[in-house]
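The values are calculated or read from the model by the stated rules, or taken from the named source; none is laboratory data. Everything quoted here is computed from the prediction, not taken from an experiment. Glycine gets a Cβ as well: all are built from the backbone with ideal geometry, and neighbour counts include every protein chain shown. The protein model used for the area step is the full one, side chains on, heavy atoms only, and it has no ligands, DNA or RNA in it. Shrake-Rupley method; radii C 1.70, N 1.55, O 1.52, S 1.80 Å.
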Amino acid sequence: MVLEIVQTATDSLKNASENGGGSGWIMHHVLDSRKLDFSPFGVIALPHIEVFGIDISITKHIVFMWFAVLILLAIFFYVAKEHKKSRIPSGLSNLMEILVVFVRDDIAKSTIGKGYERFLSYLLTIFFFILTCNLIGLIPYGSTPTSNIAVTATLATLSFLVIQGGGMIKYGVFGYFKGLMPHGIPIWLLPIMFVVEILGLFTKPFALAIRLFANMTAGHVVIFALIGLIFILKTYFVAPVSVAFALFIFLLEILVALIQAYIFTVLSGIFIGMAVHQEH
Amino acid sequence: MAFILNVILLAFSESEKVGSPLDINPGVIIWTTVTFLILLWVLKKTAWRPILNSLSERENFIKDSLEQAEKARKDAEILYEKNKENLAKAEEEAQKVIEQGREYAENLKKQILEESKTEAKKMIEDASAAIVRKNQEAFNNLKTEIAEIAVGAAEKIIRENLDKGTQSKLVDKYIEELTKN
């Protein structure tokens, strides 16, 4: 029985790797890679770097992440300069100001409450970073860094550190863990509750990472699958339907890019608020 | 059961050729951390601080301006009330002054009228006194004149006391002369 299951499993694994070509072309676009594919204009191979035995090669997602960073820096250098110049915002700095005020008032202030200023820089940065990374995958030849689970897990880990750090700075390490326990529970429940609460601390950033990764991957996969219908069915008649649906998903993705950046930031804010104001 | 296991195995398998979306590349983690931390630091220094400062500055400026405007409005209202009060007071004062002037004028008029009346009366009295005096004077003059004429006539009568005929003639002549005068 067990042997049988293992046999099927290895079979399907082999099958999957052999027939990888079937879905491989979708994955080729969604997955990280060692080269920038600008076909038909050419392919740029990225350098392979290894330090202390750890492979830290530059990959496609990292390149686009840096591209996003450059865009962000350019925009906000400009906006900061404009703000220093005059009191009345205009154009781009007006738009960015709306977003900054939104993050400050509707995310940081409303989720963290008192003492939100300390976390404002982090929340602003993570919001704009995720937003830009999400949107950069929507431009032609672009790739979404946030559809890489390593990226989202790193961001979630940083959020986790900020959440726990914020709580521990406010209440002290011992006081923070003591505050995690609900008041008025029986003594014999304490060990169980402790484990549950500690698990809860880790599930929150885990959910953050998976949510962002899954949302950003799924949209692209669906778009590619819809376009792929044309080649799978080998007919042009399906093209209008495919393109229409793909366009619809693409527009949906713009919305999802905004929503996911908002959700990641707002949930980070809520968790920070929970850690910083344990009395609630 | 087998299917679930397959899915799980697939999910965690590391096939070299295609790779899975769930593969975690340690290099990406390191680069993401470094990139994000640098971005956080740079943006905090160069963007968030000035932008947030200028935002709160502007918010304060607007709040102050609104407060100032409100205060100015209240001040203006108070000033307006005061002005209105002053105006009313001034009007009252003016009314009083006019009233006083009118009273004064009335009094003056009355006084002048009285004075002129008494003056006129006095003048009339003076005039009648003068008339009486003149009358008296004229009468006295007449009296002396008549006396003189009488004396003159008497003198002539005495002088021409020679005959009766001439006497009566003379008397007639003098009477005629008298009436002529």
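Suppose we keep only residues that are closer than 24 Å to A:Val276 by Cβ and of a type in the set (Phe, Trp, Tyr) within the stretch A:73-117. Which one would you say is modelled with the highest pLDDT? Talk me through it step by step, then tell me what you get.
From the stretch A:73-117, those closer than 24 Å to A:Val276 by Cβ are A:99-117; that's our starting set.
Now narrow it down to the ones that are of a type in the set (Phe, Trp, Tyr): A:102, A:116.
Values: A:Phe102: 89, A:Tyr116: 81.
So, considering only residues that are closer than 24 Å to A:Val276 by Cβ and of a type in the set (Phe, Trp, Tyr), the one modelled with the highest pLDDT is A:Phe102.
So how many residues does the stretch A:32-59 have that are touching an Asp or Glu at 6+ places or on another chain (Cβ under 9 Å), within 18 Å of A:Cys133 (Cα to Cα) and open to solvent by less than 20 Å² (accessible area, probe 1.4 Å)? Working first, answer last.
Pass one, the stretch A:32-59, residues touching an Asp or Glu at 6+ places or on another chain (Cβ under 9 Å): A:32, A:43-44, A:48-49, A:56-57, A:59.
From what is left, the residues that are within 18 Å of A:Cys133 (Cα to Cα) are A:32, A:59.
Next, from what is left, pick out any that are open to solvent by less than 20 Å² (accessible area, probe 1.4 Å): A:59.
Residues flagged as touching an Asp or Glu at 6+ places or on another chain (Cβ under 9 Å), within 18 Å of A:Cys133 (Cα to Cα) and open to solvent by less than 20 Å² (accessible area, probe 1.4 Å) within the stretch A:32-59 amount to 1.
So, of the residues in the stretch A:151-167 that are surrounded by 13 or more Cβ atoms within 10 Å (Cβ to Cβ) and free of Cβ contacts under 8 Å to residues at least 40 places away in the same chain, which turns out to be farthest from the other protein chains (Cβ to nearest Cβ)?
The first filter runs over the stretch A:151-167 and keeps only residues surrounded by 13 or more Cβ atoms within 10 Å (Cβ to Cβ), leaving A:151-160, A:162-167.
From what's left, free of Cβ contacts under 8 Å to residues at least 40 places away in the same chain: A:154, A:158, A:165.
Details: A:Thr154: 4, A:Leu158: 6, A:Gly165: 14 Å.
Going through the qualifying residues, I end up with A:Gly165.
Quick check: anything in the stretch B:24-43 at pLDDT below 85, in a loop (DSSP other than H, G, I, E, B) and within 30 Å of A:His61 (Cβ to Cβ)?
Yes, the stretch B:24-43 has at least one match.
Filtering the stretch B:133-181 down to residues that are of a type in the set (Ser, Thr, Tyr) and open to solvent by less than 100 Å² (accessible area, probe 1.4 Å), which residue is modelled with the highest pLDDT? Don't jump to the end; show me each part of the working.
Filtering the stretch B:133-181 for residues of a type in the set (Ser, Thr, Tyr) gives B:144, B:166, B:168, B:174, B:179.
Next, from what is left, pick out any that are open to solvent by less than 100 Å² (accessible area, probe 1.4 Å): B:144, B:166, B:168, B:174.
Values: B:Thr144: 85, B:Thr166: 72, B:Ser168: 79, B:Tyr174: 80.
Looking at residues that are of a type in the set (Ser, Thr, Tyr) and open to solvent by less than 100 Å² (accessible area, probe 1.4 Å), I get B:Thr144.
If only one of A:Leu131, A:Leu120, A:Leu70, A:Leu124 is open to solvent by 20 Å² or more (accessible area, probe 1.4 Å), modelled with pLDDT of 85 or more and assigned to a helix (DSSP H, G or I), which one is it? Before the answer, list the steps.
Working: A:Leu131 fails: open to solvent by 20 Å² or more (accessible area, probe 1.4 Å); A:Leu120 fails: open to solvent by 20 Å² or more (accessible area, probe 1.4 Å); A:Leu124 fails: open to solvent by 20 Å² or more (accessible area, probe 1.4 Å).
Exactly one residue qualifies, and that residue is A:Leu70.
For the structure I just gave you, tell me whether A:Ser57 is facing chain B (nearest Cβ under 9 Å), touching a helix residue (DSSP H, G or I) at 6+ places or on another chain (Cβ under 8 Å), at pLDDT 75 or above and assigned to a loop (DSSP other than H, G, I, E, B). Step through it out loud before you land on a result.
Numbers: facing chain B (nearest Cβ under 9 Å): yes; touching a helix residue (DSSP H, G or I) at 6+ places or on another chain (Cβ under 8 Å): yes; at pLDDT 75 or above: yes; assigned to a loop (DSSP other than H, G, I, E, B): yes.
Considered against the rule, which asks whether it is facing chain B (nearest Cβ under 9 Å), touching a helix residue (DSSP H, G or I) at 6+ places or on another chain (Cβ under 8 Å), at pLDDT 75 or above and assigned to a loop (DSSP other than H, G, I, E, B), A:Ser57 comes out as yes.
Against the definition (part of a loop (DSSP other than H, G, I, E, B) and surrounded by 13 or more Cβ atoms within 10 Å (Cβ to Cβ)), how does A:Asp106 come out, yes or no? Walk me through how you get there before you give the answer.
Values: part of a loop (DSSP other than H, G, I, E, B): no; surrounded by 13 or more Cβ atoms within 10 Å (Cβ to Cβ): yes.
Against the criterion (part of a loop (DSSP other than H, G, I, E, B) and surrounded by 13 or more Cβ atoms within 10 Å (Cβ to Cβ)), A:Asp106 does not qualify.
If A:Val222 satisfies all but one of (1) open to solvent by less than 80 Å² (accessible area, probe 1.4 Å); (2) closer than 30 Å to A:Asp55 by Cβ; (3) within 14 Å of chain B (Cβ to nearest Cβ), what's the number of the condition it fails?
Exception for A:Val222: condition (2).
Name, by its number, the condition in (1) out of contact with any strand residue (DSSP E or B) (no Cβ under 8 Å at 6 or more places or on another chain); (2) part of a helix (DSSP H, G or I) that does not hold for A:Val63.
Going through (1) out of contact with any strand residue (DSSP E or B) (no Cβ under 8 Å at 6 or more places or on another chain); (2) part of a helix (DSSP H, G or I) one by one, A:Val63 breaks only (1).
For the structure I just gave you, tell me whether A:Thr152 is hydroxyl-bearing (Ser, Thr, Tyr), in contact with a Phe, Trp or Tyr (Cβ under 6 Å, 6 or more places away or on another chain) and within 28 Å of A:Glu117 (Cα to Cα). Let's see the steps before the verdict.
Values: hydroxyl-bearing (Ser, Thr, Tyr): yes; in contact with a Phe, Trp or Tyr (Cβ under 6 Å, 6 or more places away or on another chain): yes; within 28 Å of A:Glu117 (Cα to Cα): yes.
The answer is yes for A:Thr152.
Residue check, A:Leu138 against (1) more than 9 Å from chain B (Cβ to nearest Cβ); (2) out of contact with any Asp or Glu (no Cβ under 8 Å at 6 or more places or on another chain), all met but one. Which one?
(2)
Do we have B:Ser65 as of a type outside the set (A, V, I, L, M, F, W, C), touching a helix residue (DSSP H, G or I) at 6+ places or on another chain (Cβ under 9 Å) and either assigned to a helix (DSSP H, G or I) or open to solvent by less than 100 Å² (accessible area, probe 1.4 Å) (or both) here?
Working: of a type outside the set (A, V, I, L, M, F, W, C): yes; touching a helix residue (DSSP H, G or I) at 6+ places or on another chain (Cβ under 9 Å): no; either assigned to a helix (DSSP H, G or I) or open to solvent by less than 100 Å² (accessible area, probe 1.4 Å) (or both): yes.
For B:Ser65, the condition - of a type outside the set (A, V, I, L, M, F, W, C), touching a helix residue (DSSP H, G or I) at 6+ places or on another chain (Cβ under 9 Å) and either assigned to a helix (DSSP H, G or I) or open to solvent by less than 100 Å² (accessible area, probe 1.4 Å) (or both) - is not met.
Taking interchain pairs and intrachain pairs at least six residues apart, which have beta carbon atoms under 9 angstrom, with the first residue in the stretch A:39-52 and free of Cβ contacts under 8 Å to residues at least 40 places away in the same chain and the second among the basic types (Lys, Arg) and open to solvent by less than 80 Å² (accessible area, probe 1.4 Å)?
Listed pairs, sorted by first residue: A:Leu46/A:Lys60.
Exactly one of (1) open to solvent by 60 Å² or more (accessible area, probe 1.4 Å); (2) at the interface with chain A (Cβ under 7 Å from one of its Cβ atoms); (3) at pLDDT 85 or above is unmet by B:Leu79. Its number?
Tallying (1) open to solvent by 60 Å² or more (accessible area, probe 1.4 Å); (2) at the interface with chain A (Cβ under 7 Å from one of its Cβ atoms); (3) at pLDDT 85 or above, B:Leu79 fails exactly one: (2).
One line per residue, one yes/no per condition, for (1) without any contact (Cβ under 8 Å) to a residue 40 or more places away in the chain; (2) open to solvent by 60 Å² or more (accessible area, probe 1.4 Å); (3) in contact with a Ser or Thr (Cβ under 6 Å, 6 or more places away or on another chain):
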site: A:Thr217; (1), (2), (3): no, no, yes
site: A:Lys234; (1), (2), (3): yes, yes, no
site: A:Glu253; (1), (2), (3): no, no, no
site: A:Phe264; (1), (2), (3): no, no, no
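One line per residue, one yes/no per condition, for (1) open to solvent by 90 Å² or more (accessible area, probe 1.4 Å); (2) touching a helix residue (DSSP H, G or I) at 6+ places or on another chain (Cβ under 9 Å); (3) within 9 Å of chain A (Cβ to nearest Cβ):
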| site | (1), (2), (3) |
| --- | --- |
| B:Pro21 | no, yes, yes |
| B:Ile30 | no, yes, yes |
| B:Val34 | no, no, no |
| B:Ile38 | yes, yes, yes |
| B:Trp48 | no, yes, yes |
| B:Glu59 | no, no, no |
| B:Lys89 | yes, no, no |
| B:Gln95 | yes, no, no |
| B:Ile98 | no, no, no |
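With the checklist (1) part of a helix (DSSP H, G or I); (2) under 26 Å from B:Trp41 (Cα atoms); (3) more than 8 Å from every other protein chain (Cβ to nearest Cβ); (4) not hydrophobic (A, V, I, L, M, F, W, C) in hand, flag the one item A:Glu97 doesn't pass.
(3)
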